[in-house]
1. Identify all residues within the range 84-142 that are free of Cβ contacts under 8 Å to residues at least 24 places away in the same chain, under 19 Å from Arg40 (Cβ atoms) and in a loop (DSSP other than H, G, I, E, B); write none if there are none.
2. Could you list, ordered by first residue, the pairs with Cβ atoms under 6 Å in which the first is in the range 24-40 and surrounded by 12 or more Cβ atoms within 10 Å (Cβ to Cβ) and the second is part of a helix (DSSP H, G or I), at least 6 apart or interchain?
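Derivation of every value follows stated rules applied to the coordinates shown; laboratory data play no part. In this text the structure is predicted, and so the values were computed from the model without any measurement. Cβ sites come from the backbone with ideal geometry, for glycine too, and all protein chains shown count toward neighbours.
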Amino acid sequence: MKKLVLTLLALVAFSMAASAQITQIKSTQLPNQARTTISRAWNNAPIVDAWRNKEGKHVEYKATVEDGSVIKFAANGQWIEVHSYSGVPNSLLPKALLTHLDKYYEGQYVITATKTTRRYRVELSDGTKLEFNSKGAFQAFL
């Protein structure tokens, strides 16, 4: 019975993985809001490549900007994750979060930011990982 359950679980996992479709797309195929975010936050920097990840009805987009920054977007074009070794643009982060960083982490900058409806999680250039609420108030160390 245990082998049967494990076999069924493996088949389900395999079928889910097989249903994921990652395809390279033209930058013009990114959602409008995603292109606008890149244009504003990265000062019209060229988009080097763009990808669409579709798993069933769930769709996400990923774009790489000329400076090497990688931005992940939800289907509606809102950014959900940014990795940038040159620094996540301040325009993407709440003012309260930036004020906290200026006060307690002078000289550091955000290299990774993840955004949900409830929180921001950031990693700083020195490796410090922090969590903030949706308004940018500090919540916890990670």
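1. If the condition is that a residue be free of Cβ contacts under 8 Å to residues at least 24 places away in the same chain, under 19 Å from Arg40 (Cβ atoms) and in a loop (DSSP other than H, G, I, E, B), then Ser86, Tyr109 are the ones that fit.
2. Note: no pairs meet the criteria.
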